[in-house]
1. When only residues in region 8-51 that are modelled with pLDDT under 85 and surrounded by 10 or more Cβ atoms within 10 Å (Cβ to Cβ) count, which is nearest to the chain's Cα centre (by Cα)?
2. How many residues are at positive phi and touching a residue at least 12 places away in the same chain (Cβ under 8 Å) when one looks only at region 146-185?
3. So which of VAL114, VAL98 ends up being part of a strand (DSSP E or B) and surrounded by fewer than 15 Cβ atoms within 10 Å (Cβ to Cβ)?
4. Consider ILE63 carefully, then state whether it is surrounded by 10 or more Cβ atoms within 10 Å (Cβ to Cβ), touching an Asp or Glu at 6+ places or on another chain (Cβ under 8 Å), more than 26 Å from GLU21 (Cα to Cα) and modelled with pLDDT under 90.
5. Output the residue which, of all residues in region 186-219 that are without any contact (Cβ under 8 Å) to a residue 40 or more places away in the chain and hydroxyl-bearing (Ser, Thr, Tyr), is surrounded by the most Cβ atoms within 10 Å (Cβ to Cβ).
6. Going by what's in this entry, would GLU119 be described as of a type in the set (Asp, Glu) and either exposed (fewer than 11 other Cβ atoms within 10 Å of the Cβ) or touching a Ser or Thr at 6+ places or on another chain (Cβ under 8 Å) (or both)?
Amino acid sequence: MAARAYWQGQIRLALVSIPVEIYTATKTGAKISFNQIHEPSGKRISYEKVVPGVGPVDRDEIIRGYEVSKGNYVLLEDEEIEAVKIESKRTLELVQFVDSSEIDPLYYERPYYVAPQDELAEEAFVVLREALRKSKKVALGQLSIRGSEKLVAIKPCGKGLLLETLRYADEVRSGQSFFSDIDDTKPKKELLDLATTLIEQKSAPFDASVFEDRYVEALRKLIDKKAKSKSKTAIIEDADQHGDAPKSNVIDLMAALKKSVDGDARKKTTAKPKKSA
C-alpha cells in the first residue's frame, strides 16, 4: 500500500512555485502500549467524565477552559477557538536561508520527506535541491496545516528534500541555568588525551540498525512467555543481575580511562575478520 501524503501543496521561492508532497519520515510501530484491566474480571477499564460534588456528566455539558489562576478559568466555546485557527494554506513560502550550524539541535522536532508531486515539478524541485546543496544553506518557512502554523526547515536529502518542523523560541529552555554550578577549570592534559583516544577508538559511521530498544524486546519476551504459560506471573532474568556489584563509587579516573583504552585496543586486535559472503 502506497504511503499517504501528510501534506500536498507547493513550495514557493520568490516567483517559482514547486508542487510537492510531504510524507512522515518516522513511525511508532516498535512501541508497546498497555490497557488498564480490572484484575478480578479481566475486563478493560473505561473512564467516566466526573465533576467533584456533581458526579458523572454528559459530553455535551463539557466546555474547554484555560486556567488563568488557581481554580479560575476562562471558558471558550468550540466556535470561538475555530474562529482564531489559521487557515490551512497550500503554499509553503521560503522566506529565509541560514547555515545549518546556526540552528541549535534543541529546536528540531520531527522529520518529513519532501518529493515532487509529478514529473512536471521535477526540474524546479531538483534546481532548489542542488541550490541548497551548493550554498550549504537550510531554507526556512512556516507551514499552515490543521489550524496551526509550524516553523519548518528544508534541506537536501539524497535525491529529495528533508523538511523538519522546528520548535518556536518560547518552547525551548535555556540550558545555562542548569550548568551555572559547573566549575570552569579545565581537565588535566593526560586525562583529556586518554578520553580523546578512547573516543577515537570507538568512532564509527552512524548506523541506527546497530542499536535496538532492549526494553521493548524484554517486554515482548515477557508478553510471549506469559501468553504461552497462561499464568499471571513470569520472570525474565536480567543478564547483569548476577554480576558483581561495584564495591565502591570512588574510582581512579586515570586508571579507569587507561583500562578502557587498553581493553578496547585488545578487542580490536583479537577480533576475527568477518568472512565474505
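The values are calculated or read from the model by the stated rules, or taken from the named source; none is laboratory data. Keep in mind that what you see is a predicted model, and the values were worked out from it rather than measured. FYI the Cβ positions are ideal-geometry reconstructions off the backbone, even for glycines, and counts take in every protein chain you see.
1. Here the residue is ALA30.
2. Of all residues in region 146-185, those at positive phi come to 146-147, 158.
Narrowing further to those that are touching a residue at least 12 places away in the same chain (Cβ under 8 Å): 146-147.
Of the residues in that region, 2 qualify.
3. Numbers: VAL114 fails: surrounded by fewer than 15 Cβ atoms within 10 Å (Cβ to Cβ).
Sole residue among the options that is part of a strand (DSSP E or B) and surrounded by fewer than 15 Cβ atoms within 10 Å (Cβ to Cβ): VAL98.
4. On the way: surrounded by 10 or more Cβ atoms within 10 Å (Cβ to Cβ): yes; touching an Asp or Glu at 6+ places or on another chain (Cβ under 8 Å): yes; more than 26 Å from GLU21 (Cα to Cα): yes; modelled with pLDDT under 90: yes.
It is true that ILE63 is surrounded by 10 or more Cβ atoms within 10 Å (Cβ to Cβ), touching an Asp or Glu at 6+ places or on another chain (Cβ under 8 Å), more than 26 Å from GLU21 (Cα to Cα) and modelled with pLDDT under 90.
5. Restricting attention to region 186-219, the residues satisfying the condition of being without any contact (Cβ under 8 Å) to a residue 40 or more places away in the chain are 186-189, 192-193, 196, 199-200, 203-212, 214-215, 217-218.
Okay, now just the ones that are also hydroxyl-bearing (Ser, Thr, Tyr), so 196, 203, 209, 215.
On the way: THR196: 11, SER203: 7, SER209: 5, TYR215: 9.
Ranking the candidates gives THR196 first.
6. Details: of a type in the set (Asp, Glu): yes; either exposed (fewer than 11 other Cβ atoms within 10 Å of the Cβ) or touching a Ser or Thr at 6+ places or on another chain (Cβ under 8 Å) (or both): yes.
Spelling it out, GLU119 is indeed of a type in the set (Asp, Glu) and either exposed (fewer than 11 other Cβ atoms within 10 Å of the Cβ) or touching a Ser or Thr at 6+ places or on another chain (Cβ under 8 Å) (or both).
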